[in-house]
Amino acid sequence: MKRTYFFDLKDGVAVRDRLGLEFITSDAAIAHSREIALKLSEADPPGDPNLHVSVINEVGAEIHREPVYPDVVDISESKNG
C-alpha cells in the first residue's frame, strides 16, 4: 500500500509541500529527498548550510533530513581556538 510523503524545504523557515507524493516505502521517499537535494544543489551555487529537505510522513512526523549543501561549513557553528 502506498503512503503519502511530503518534502518540505527548511532553513529556519519552512517551505511546505502541500501535495506530497506517494511511495511504497519510507526508503523510497528518502531516496527521492536525496534527488531533490541534489537537483537544488546543482541549480544554485553553495548556499545556506542549514538548508535541507525534510521528509514528512502522512501522520506529520519527520522521518529524514537531507542536507542540500552537505559540504558547506556553517561558520556560526565553528569554534575558534
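Summary of computed values
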item: Full-extension gain in nm, Thr25 to Asp11, via 0.36 nm per residue minus C-alpha separation; result: 2.4 nm
item: Probe 1.4 Å, protein heavy atoms only - accessible area per residue of segment 1-61 in square angstrom; result: 65 Å²
item: Within the accessible area of segment 10-64 (1.4 Å probe), percent carbon and sulfur; result: 55 percent
item: Dipole in debye (nearest 20) - the chain, about Cα centre, beta carbon charges: Lys, Arg +1; Asp, Glu -1; result: 240 debye
item: Positive dipole terminus of the chain, leading residue within Ile36, Ala61, Val13 (C-beta point charges); result: Ala61
item: Angle between the chain longest axis and helix 26-43 axis [Cα atoms, degrees, rounded to 10]; result: 40 degrees
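The values are calculated or read from the model by the stated rules, or taken from the named source; none is laboratory data. Because the structure is a prediction, the values reported are computed rather than measured. Here Cβ is always computed from backbone atoms with ideal geometry, including for glycine, and neighbour counts include all displayed protein chains. Ligands, DNA and RNA are excluded from the accessible area calculation, which covers all protein heavy atoms including side chains. Shrake-Rupley method; radii C 1.70, N 1.55, O 1.52, S 1.80 Å.
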